[in-house]
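Each remark here refers to the structure printed beneath this line.
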Amino acid sequence: MTRPSRPPCGYTAADLAAYQIVPSTLSFDQSRLADELADAERAGADVLQWDVMDGAFVPNLTVGWDIIAACRPCTNAPFEAHLMIQEPGRYVTDFAKAGNERLIVHAEACVHLHRVLQQIRGEGLQAGVAINPGTPLGRVEHVLDLVDTLLIMTVNPGFGGQKFITTMLPKIRSAALLIAERELPVLIEVDGGISRDTIRTAYDAGARKFVAGTAIANHAQGKAAAIAELRAALPTE
Ligand code: DX5
C-alpha cells in the first residue's frame, strides 16, 4: 500500500478537517516491537510516534534512529519522531533516513530553532515543533510557518502514565486562535495523559492530533478497543 503523497505544507484539506489518533511506541512491549507496530496499524492508528529521549533533555533514555529504521518494514503506518534530545539538529539526517515522515523538535532544545526546522524540511520531511508545559506559546509563534504540527505537551516529558495537566487548555485555545487567524495549515497535537476522559476537552480546546501511550498499550481489550474508545469520545468526522 503506498501512502498518499502529501502537499508541501504537510496536510490535505481533509487532514485539516479531521483528527488523528497517534499511539506512542514508548508504552509498547519493547521486546515485541514488530508485532506491536503491526497490531497498532491493524487497530486503526493514523500515525505512530517514536519518543526519542537522550537522558539529558529529559530524565529518560529510549530508542535511536537504528531501532526506528529496523522497524520501518514492520508496518505501513506513517512514523513521526518526537525528539526529546538536546540540539536535535545534529541528527536530522539520521532520523530522516530511518523512515520518519515528520520530525518534531523541542523549542527548548534548539539554540537555532528556525534553522533546525528548515533542515528537516530540507530533507523532504514534515517538521513539527513542541513546547513543554512551562514554555509560553510566544516562543514558537515565529516559526509556525515552517511546521505542520504544533505539539503542546500536556505532561512534563520523559515518562508515560502521567496525569493530563488541565492548565494547558488555555494554551491550546490560544494556539488554535493564532493558527486560525493566520490561516496556517498546522494541526495542534497534544501529548501526555490522553485518555477517553481527557481527549474531548483537548479536542474542544482545538487539538486535532492525539498522542496516547498507556491508554492504548495497557487497554484490557487491546489496541483496537482502545482506539475505538478514544474515537467514540470525539465528534464523528
Ligand atoms: C512522554 C511522551 C509521551 C508518553 C505519553 O514524554 O512524550 O508520548 O508516551 O504517554 P501517556 O499517554 O501514557 O501519558
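The values are calculated or read from the model by the stated rules, or taken from the named source; none is laboratory data. Being a predicted model, the structure only gives us computed values, none of them experimental. As a convention, Cβ positions derive from the backbone with ideal geometry for all residues, glycine included, and neighbour counts pool all protein chains shown. Heads up: the accessible areas ignore ligands, DNA and RNA and are worked out on the full protein's heavy atoms, side chains in. Shrake-Rupley method; radii C 1.70, N 1.55, O 1.52, S 1.80 Å.
Is there a residue being over 24 Å from Asp145 (Cβ atoms) and in contact with a helix residue (DSSP H, G or I) (Cβ under 6 Å, 6 or more places away or on another chain) anywhere in the stretch 107-122? No, that holds for no residue. Return yes when Gly193 is more than 18 Å from Glu80 (Cβ to Cβ), within 16 Å of the chain's Cα centre (by Cα) and of a type in the set (Gly, Ala, Ser) and no when it is not. For Gly193, the condition - more than 18 Å from Glu80 (Cβ to Cβ), within 16 Å of the chain's Cα centre (by Cα) and of a type in the set (Gly, Ala, Ser) - is met. Take the residues in the stretch 204-219 that are open to solvent by 40 Å² or more (accessible area, probe 1.4 Å) and over 14 Å from Glu36 (Cα atoms), then tell me which one is farthest from the ligand (Cβ to nearest atom). Checked the stretch 204-219; the qualifying residue farthest from the ligand (Cβ to nearest atom) is Asp204. For first residues located in the stretch 153-179 and open to solvent by 60 Å² or more (accessible area, probe 1.4 Å), partners that are within 16 Å of the ligand (Cβ to nearest atom) and lie 6+ apart or on another chain with Cβ distances below 7 Å form the pairs Asn156/Asn132; Asn156/Pro133; Phe159/Asn60; Gly161/Thr214; Gln162/Val155; Gln162/Gly192; Gln162/Gly193; Lys163/Gly193. Among the numbered criteria (1) buried (at least 16 other Cβ atoms within 10 Å of the Cβ); (2) hydrophobic (A, V, I, L, M, F, W, C); (3) under 22 Å from Leu26 (Cα atoms), which single criterion is violated by Val140? All conditions pass for Val140, except number (3).
Yes or no: Pro78 loosely packed, with under 14 Cβ neighbours inside 10 Å and either in contact with a helix residue (DSSP H, G or I) (Cβ under 8 Å, 6 or more places away or on another chain) or at pLDDT 95 or above (or both)? Taking the combined requirement at face value, the residue does not satisfy it. Contact map, the stretch 180-207: first residue touching a residue at least 12 places away in the same chain (Cβ under 8 Å) and outside any loop (DSSP other than H, G, I, E, B), second residue crowded, with 21+ Cβ neighbours inside 10 Å and among the polar types (S, T, N, Q), Cβ cut-off under 6 Å, separation 6 or more or different chains; pairs are Leu187/Thr149; Glu189/Thr149; Val190/Thr154. Looking only at the stretch 105-116, decide whether some residue is in contact with a strand residue (DSSP E or B) (Cβ under 8 Å, 6 or more places away or on another chain), over 20 Å from Val58 (Cβ atoms) and open to solvent by 20 Å² or more (accessible area, probe 1.4 Å). Scanning the stretch 105-116 turns up no residue that is in contact with a strand residue (DSSP E or B) (Cβ under 8 Å, 6 or more places away or on another chain), over 20 Å from Val58 (Cβ atoms) and open to solvent by 20 Å² or more (accessible area, probe 1.4 Å). Remark: pairs (first residue in the stretch 50-73, within 17 Å of Ala109 (Cα to Cα) and away from the ligand (no atom under 13 Å from the Cβ); second residue part of a loop (DSSP other than H, G, I, E, B) and open to solvent by 50 Å² or more (accessible area, probe 1.4 Å); Cβ separation under 7 Å; 6+ apart in sequence or on different chains) = Ala56/Gln86.
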